[in-house]
Structures are given as structure tokens and as C-alpha cells.
1. Sort His65, His24, His41 by heavy-atom solvent-accessible area, probe 1.4 angstrom, most to least.
2. Step through the table entries Lys136/Lys173; Lys74/Lys143; Lys74/Lys156, compare each Cα-Cα distance with 26 Å, and write down the pairs that go over it.
3. Can you give the accessible area of Phe61, probe radius 1.4 Å, in Å² rounded to 10?
4. If you find the alpha carbon centre of region 140-163 and of region 16-39, how far apart are they in angstrom?
Amino acid sequence: MVSNKAEPDLWNEEKLVALLKEGHEGAFCVLVREYEKKLFHVAYGIISDREESLEIVQEVFLKVHRNINTFGEKSRLSTWLYRITVRECFNLLRSWKRRFRRYHQPLETDESDYLSELGTDDFAPDTLYQEKEFEKAFREALKGLGKNARAVFVLKEVEGLSYDEIARILKIKRGTVSSRLCYARKNLRKSLEKYLDKDQSK
């Protein structure tokens, strides 16, 4: 008797969906491994809060686990997952009461993560300050875009999805994707003008 905890041998979406619908535990592990970081990047890009984004990703996987049998396979599995993630982000934004935790990041966690991502053991303190200052300004500018433009920007620039994929995920026209992306880029460029000008003057 073969244990249902064994992971599928190959990454095949059709096979994975079939196994998920059968309640195959290994298939769910594969799903989480393949999409956990991708969904977190999308959620964090929209929400700008680490803890909330992690909770959203957990909620997405819970919903997938409960509702996988309703997945009609008319779209790609990734499209369905991104759509649920964006919807959860929008629901959270609508219900938020401007909690202080949104603006708080533990100093030790934020600092160590930042340094490890940049690999900046040799960076001078003033350079690190400028990088963190830009990151903070970028996050604030991103939050100022509005949820619809923000979602398009994150799906395109963070996840690298095509216009057609984004249109399917958000259920909007391809032209709307283009116009929202143009709006997002224009406003981000305007908000970050002093930083961009500084880089170009070097």
C-alpha cells in the first residue's frame, strides 16, 4: 500500500490538481513549496505588512485545501491562487482600522533581513541609510497608489506576469492592465523623483 504522504514525482499541474482533489497530503506540500514565496511577494507588495502577508498566505492555502473540488480547471491553478490572494488582500484593506502593527517592524528582524538580502557587509553606513531611506519611500509611494494599481504593479513587476495573465487574475481587460500599470509607474516615478535624479546624476 502506497502512503499518501509521498510527494508526486514530477511537477505537472494537471496531475497535481487531481491529487489535491483526492486529498493527497504530498500534493499539498508540493503546492505550498511551489507557491508560498510567490504569494507572499504579492501579498506583501499590496499590504506592506510582513505578518499580515504571512497570515494571508496561510489563509489562501486553507481556502485552497477546503475548496479545491470547486476548482473547475477553466483557468490555470496559478491564476486561481493569485486571484484568491489579491481578493484576500483587498478584503483586509477594506476592513483595516489602521492598526499600529501595520507600521511596526521589529528592528532586529528588519535589519538582519535587509542586510542579508543586500549582502552588504562592506557597505558604508551612509550607503545603507540611503538604501533604507529609498526602500521606505518606495513602500510609502506604493501604498499611495490605491489597491487596484498596486495589485497590477506587483503582479507585473514583482512576479513578472504577462498582461494577459494579470487580466485573467483580476478579471479585467488587457487594456485596463496597461493603463493601471502606466498610472502606477508614472506616479511612483513622480514620488521617487528625488532619489531617481540622485542616481542619474552620479
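The values are calculated or read from the model by the stated rules, or taken from the named source; none is laboratory data. Fair warning: this is a prediction, and the values are worked out from it, not measured in the lab. We work out accessible area using only protein heavy atoms, side chains counted, and drop any ligands, DNA or RNA first. Shrake-Rupley method; radii C 1.70, N 1.55, O 1.52, S 1.80 Å.
1. Values: His65 120, His24 35, His41 85 Å².
The most accessible residue leads, giving His65, His41, His24.
2. Working: Lys136/Lys173 32 Å; Lys74/Lys143 33 Å; Lys74/Lys156 22 Å.
Correct reply: Lys136/Lys173; Lys74/Lys143.
3. 10 Å²
4. 26 Å
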